[in-house]
Amino acid sequence: MVGEFAGEGDLIQLITDDEEENSGQKEVFSDEIPILSVRNTVLFPGVVIPITVGRQRSIRLVKKAQKGDKMIGVCAQVNPQNDDPSWEDIYHVGTVAKIIKMIVLPDGNTTIIIQGKKRFQITDPISEDPYFVAKVEYLEETFPKNNRKIKALEESLKDAAAKILHLNPEIPREAQVALDNIDSTPFLTHFLSSNINAPVEAKQKLLEINDGIERATLLLEFMMKDIQMLELKSEIQKKVHTDIDQQQRDYFLRQQMKVLQTELGEEGPEKEVEELRAKGMKKKWPAEVAKHFNKELDKILRINPSAAEYPIALNYAETLVELPWNELTVDNFDLKRAKTILDKDHHGLEKVKERIIEYLAVLKLKNDLKGPILCLYGPPGVGKTSLGKSIAKALGRKYVRMSLGGVHDEAEIRGHRKTYVGAMPGKIIQNMKKIKTSNPVYVLDEIDKLSSDFRGDPSSAFLEVLDPEQNSTFVDNYLEVEYDLSKVLFIATANSLDSIQPALRDRMEIIEVTGYTMEEKLEIAKKHLVPKQRKEHGLKAKDVSFDRAALVKIIEHYTRESGVRSLERAIGKVIRNVAKSIAMEEEYSKKITAQTVRKILGGEIFDKEIYQDNSVAGVVTGLAWTSVGGEILFIETSLSRGKGKLTLSGQLGDVMKESAMTALSYLKSKADELEIDYRIFDHYDLHVHVPAGAVPKDGPSAGITMLTAMASLFTQRKVKAKVAMTGEITLRGKVMPVGGIKEKILAAKRAGLKEIILCEKNKRDIEEIDEEYLKGVNFHFVDKVEEVLDFALLKTKVDKPMLFSFPKSEQIQTNMN
């Protein structure tokens with residue numbers, strides 16, 4: 001079509017010239033012409049093109065011109081989207097054209113075929129209605145004749161045009177014929193300018209140039225760029241041309257686009273990669289991490305999106321950019337406020353709260369967390385985890401908790417390498433990503449429950465996490481870059497220290513969180529547990545309340561623990577019963593009494609530990625520490641005829657068995673001093689029993705208790721009333737200190753005991769206990785076993801002492817008889 005118009009335009013131009021020569025007249029153009037604005041088209045002199053006219057203003061102009069001299073001015077629009085352009089919206093350099101033919105289409109639009117005649121420039125706009133009319137000045141072109149440079153440019157333009165025709169199969173072959181028939185350099189430039197693959201702005205620039213050499217040179221430059229693009233496209237097509245399925249075809253198209261953008265110097269990443277790069281620009285991460293991140297994005301661009309590696313690489317980049325890097329919350333170092341929050345959230349635990357305030361004070365003054373990690377150690381239900389939450393609230397930091405119970409795979413801490421199927425970061429990094437801040441309070445719950453197997457040792461992985469000297473450069477296997485954990489406030493919790501490996505314990509400062517007294521549990525129930533359970537069950541304060549006796553009843557007879565977890569469950573059960581009565585519109589007592597508690601919870605589960613009067617020799621009250629607090633236990637001994645055999649019962653552990661054997665050995669060595677007939681050890685069997693038999697027991701605390709029980713049995717001297725004891729013994733008769741003193745004292749008070757025998761070195765533990773826990777109890781500190789026996793054993797024997805008999809050959813009067 002283009003070739004036909006170009007040839008026809010050339011033919012019409014020749015006919016016009018002949019007519020002018022025959023008539024002796026030259027075609028005259030008016031200096032005041034109507035202006036037609038066209039979209040996406042630039043008309044050049046001599047070129048014939050069709051134009052569809054649809055706007056009412058343009059239709060009126062064409063019809064008016066068709067009835068006159070058929071001459072119109074054609075100017076291109078600056079913005080082709082503008083449906084109602086003004087003078088500012090059209091270029092002021094255009095081409096005057098003659099309407100060759102006008103065709104009215106059935107849809108109402110009009111198509112005209114016009115031939116460009118001469119270039120002009122608008123000098124004075126006259127009117128816009130009913131169509132554009134303007135005064136114009138016609139522009140002359142300067143094309144030197146018989147100039148070698150012009151000839152060279154003409155040949156170059158024809159060669160370039162021929163090459164474009166060869167490289168672009170979409171152009172009709174007839175265009176080559178039209179090119180061969182053109183022998184005028186000005187028309188050649190006009191023809192090629194009209195048909196090159198260039199935007200309107202570029203063609204308009206060519207139209208506005210008066211110098212023919214300059215115009216031809218710029219035209220050649222545009223054509224050479226077009227040739228380069230076509231050659232590159234052809235090269236890409238040759239490289240990737242093959243019988244490919246739909247997936248490979250998509251890949252080919254993307255490769256084409258990437259190569260083209262690279263050659264043009266335009267980076268064109270996928271939209272999601274662009275978004276990730278933009279997010280990365282806003283991150284406050286180290287330069288090494290930024291470099292690594294951008295390298296990963298560049299790698300993503302080289303991967304086929306349909307390949308299996310693509311989502312893995314993209315997910316890795318998203319993890320990097322979503323992690324908080326030096327994104328900190330502002331700490332609130334108002335220590336009085338922190339103390340108020342701790343007191344409000346936790347009743348008792350004064351030593352623990354004081355240590356936490358000290359820790360926060362150092363943090364405020366130093367503003368550096370390079371110190372020991374806190375480890376809250378104590379029985380279940382005493383508030384270790386909630387203490388961590390209170391610290392976060394006091395500091396104004398975000399709170400995150402990670403449960404370590406049952407974690408046995410090192411990869412759960414350090415993450416998996418990206419080469420593994422289903423690889424992901426470790427839980428440390430996952431939680432940091434979730435919390436979106438670099439300095440949260442991070443509670444490591446149940447750190448003593450970590451286990452290890454063939455997949456690794458998670459507790460060893462924590463050596464780096466919890467070491468202030470190392471955790472600033474923590475490396476997760478998945479991330480592959482260093483991540484700073486030094487600003488995180490780690491708080492670990494544990495029920496037992498025995499299962500924590502020594503190296504990990506060394507990195508933590510142990511803060512013991514002991515159990516609560518009955519009075520403390522009572523206050524906790526009043527202030528925290530009852531209101532909480534009322535709220536959780538949809539009740540109000542006016543619906544139900546507990547009197548003191550009811551709470552004491554629950555504490556003493558339905559729970560046996562150091563913490564308050566079972567107490568909360570029991571209170572919840574009572575309140576549920578009330579909620580049921582309210583929902584069913586039944587009558588109920590709004591005041592919960594001890595009788596109401598027994599009616600709802602049933603018979604007492606636990607009997608209160610009460611001291612039992614020892615009417616016989618050989619029974620001693622000891623003190624023991626358990627995971628749920630302190631307890632009293634009774635050591636019972638008996639003798640029977642035999643051959644000196646020692647029997648131990650009550651599910652005793654190895655340490656308690658060794659304490660019994662040590663006590664017996666000591667008594668054998670000191671038999672004369674203690675007035676014990678040595679023949680008893682050969683002719684009587686000794687049985688030591690610790691009720692209850694179904695409960696496992698172990699530990700060194702029963703050493704002096706067992707020795708006192710044996711000495712009482714062998715000497716038939718009763719033990720003083722309401723006396724309890726705890727301590728370890730040696731073969732030399734030394735009394736050694738033991739732990740859990742506070743819990744043991746609480747157990748003694750609950751049982752109604754008045755005297756407690758302790759090792760001299762345990763005096764330091766007594767000094768750390770509040771005086772309110774010590775009221776009503778007298779302490780006797782001893783260093784040797786003789787002191788224990790002198791205080792604990794009465795001078796007189798039991799009312800009916802046991803009579804020892806021996807074989808006739810050894811029959812003598814014993815001191816005991």
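A few points about this structure:
- Test: residue in segment 389-410 that is of a type in the set (A, V, I, L, M, F, W, C) and either touching a Ser or Thr at 6+ places or on another chain (Cβ under 7 Å) or at pLDDT below 80 (or both): no
- Taking the conditions (1) at pLDDT below 85; (2) closer than 30 Å to residue 302 by Cα; (3) surrounded by 12 or more Cβ atoms within 10 Å (Cβ to Cβ) in turn, residue 246 satisfies each one other than (3).
- Which numbered condition residue 548 misses (of (1) more than 38 Å from the chain's Cα centre (by Cα); (2) crowded, with 16+ Cβ neighbours inside 10 Å): (2)
- Failed condition for residue 150, given (1) part of a strand (DSSP E or B); (2) in contact (Cβ under 8 Å) with a residue 24 or more places away in the chain: (1)
- Only listed residue being at positive phi, out of contact with any helix residue (DSSP H, G or I) (no Cβ under 6 Å at 6 or more places or on another chain) and part of a loop (DSSP other than H, G, I, E, B), chosen from 480, 561: 480
- Taken over segment 483-538, the residue count meeting the criterion of being more than 30 Å from the chain's Cα centre (by Cα), among the acidic types (Asp, Glu) and outside any loop (DSSP other than H, G, I, E, B) is 4.
- Top-ranked residue of segment 729-760 - restricted to ones that are in contact with a Pro (Cβ under 9 Å, 6 or more places away or on another chain) and either outside the structural domain of residue 656 (by TED's automatic domain parsing) or charged (D, E, K, R) (or both), ranked as surrounded by the fewest Cβ atoms within 10 Å (Cβ to Cβ): 760
- Any hit, segment 584-591, residues being over 46 Å from the mean Cα position of the chain (by Cα), of a type in the set (Lys, Arg) and surrounded by fewer than 15 Cβ atoms within 10 Å (Cβ to Cβ): yes
- Scan of segment 776-809 for residues that are charged (D, E, K, R) and at pLDDT 80 or above, ordered by number: 783, 784, 786, 787, 790
- Scanning segment 86-126 for residues that are exposed (fewer than 14 other Cβ atoms within 10 Å of the Cβ), assigned to a strand (DSSP E or B) and of a type in the set (S, T, N, Q) yields a count of 1.
Let's see how each residue does on (1) at pLDDT 85 or above; (2) among the acidic types (Asp, Glu):
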position	(1), (2)
112	yes, no
124	yes, yes
134	yes, no
153	no, no
164	no, no
175	no, no
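- Criterion: outside any loop (DSSP other than H, G, I, E, B), of a type in the set (A, V, I, L, M) and modelled with pLDDT under 85 - qualifying residue of 369, 360, 342: 360
- Condition check for residue 233: touching a helix residue (DSSP H, G or I) at 6+ places or on another chain (Cβ under 8 Å), within 30 Å of residue 157 (Cβ to Cβ) and either small (Gly, Ala, Ser) or modelled with pLDDT of 80 or more (or both): yes
- Elements of type strands (runs of 3 or more DSSP E) in segment 632-739, at least 2 residues being farther than 15 Å from residue 757 by Cα and among the hydroxyl-bearing types (Ser, Thr, Tyr): 646-649
- Within segment 646-663, residues that are closer than 15 Å to residue 705 by Cα sit with their Cβ atoms under 6 Å from residues that are assigned to a helix (DSSP H, G or I), at 6+ positions apart or across chains, in these pairs: 648/657; 648/660; 659/703; 659/706; 660/706; 663/706; 663/707; 663/710.
- Scanning segment 543-592 for residues that are farther than 21 Å from residue 515 by Cα, in contact (Cβ under 8 Å) with a residue 12 or more places away in the chain and among the hydroxyl-bearing types (Ser, Thr, Tyr) returns a single hit, 545.
- For residue 292, the criteria (1) assigned to a helix (DSSP H, G or I); (2) loosely packed, with under 13 Cβ neighbours inside 10 Å hold in every case but one, which is (2).
- Among the residues making up segment 513-545, those that are over 11 Å from residue 575 (Cα atoms), crowded, with 17+ Cβ neighbours inside 10 Å and not aliphatic (A, V, I, L, M) are 514, 515, 516, 517, 520, 521, 528.
- Meets criteria (free of Cβ contacts under 8 Å to residues at least 40 places away in the same chain, farther than 30 Å from residue 255 by Cα, outside the structural domain of residue 739 (by TED's automatic domain parsing) and among the aromatic types (Phe, Trp, Tyr)) for residue 377: no
The values are calculated or read from the model by the stated rules, or taken from the named source; none is laboratory data. Source: prediction; values computed, not measured. For neighbour counting, all protein chains shown are included, and Cβ atoms are generated from backbone atoms with ideal geometry for every residue, glycine included.
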